[in-house]
Amino acid sequence: MEHVEPFRASPFPLDGGSNPPSQPSPVEGEGFSRFGRTDQVSGRMLRRAQSLRAQPTWTEAKLWDRLRQLNVRFRRQVPMGQYVVDFVCHRANLVIEVDGGVHQLTDVAVRDLTRDAWLVSQGYTVLRFTTRQVENDIDGVVRDIRNTASNRLKQVI
């Protein structure tokens with residue numbers, strides 16, 4: 001007989017409350033996301049997302065703390081297509097990116113434009129903030145995110 005650990009509430013509730021555990025797929029590997037079968041996301045992308053979640057930058061951690069207080073669920077470091085986005089609210093089709101100085105380099109900026117165009121083609125709105133904005137005006141950043149999510153959801157959050 002297999003030992004199963006009881007469910008423990010997450011110490012990081014995403015929407016200000018405790019969420020029940022999601023049920024696993026009845027057959028391993030049969031999960032679907034809005035981008036197709038979950039097994040179509042490469043193992044490399046999954047490992048990259050897990051690594052980014054395990055080692056967030058200071059500004060990502062600061063913004064994550066604030067996003068978790070909103071009354072809408074955000075996820076962090078999520079594979080979407082061939083990209084890993086910093087934060088996403090699927091319900092509001094909203095992607096949040098926190099950009100360090102490297103994003104000012106021409107080749108990185110061009111990749112960001114390509115990535116944003118693909119995300120928009122999938123129905124998402126992309127908000128980009130610099131690390132400096134998050135460090136110096138976190139309240140303004142969160143206000144912009146809250147307003148955009150509220151407009152997309154047609155409700156106040």
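Rule-based calculations on the coordinates, nothing more; no lab input. The structure presented is a predicted model; accordingly, all values stated were derived computationally and were not measured. So basically every Cβ, Gly included, is an ideal-geometry build from the backbone, and we count neighbours across all protein chains shown.
Numbers for the structure displayed
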item	result
Ordering of 118-128, 64-74 by burial proxy (mean other Cβ atoms within 10 Å per residue, highest first)	64-74, 118-128
The stretch 43-155: C-alpha gyration tensor shape, a/c 1.5 cut-off, then a/b vs b/c	rounded
Cβ-derived FRET efficiency at R0 22 Å, THR57 paired with GLN82, nearest 0.05	0.50
Pairwise label distance in nanometres, ASP144 with ASN71, each label 7 Å out on the Cα-Cβ vector	2.4 nm
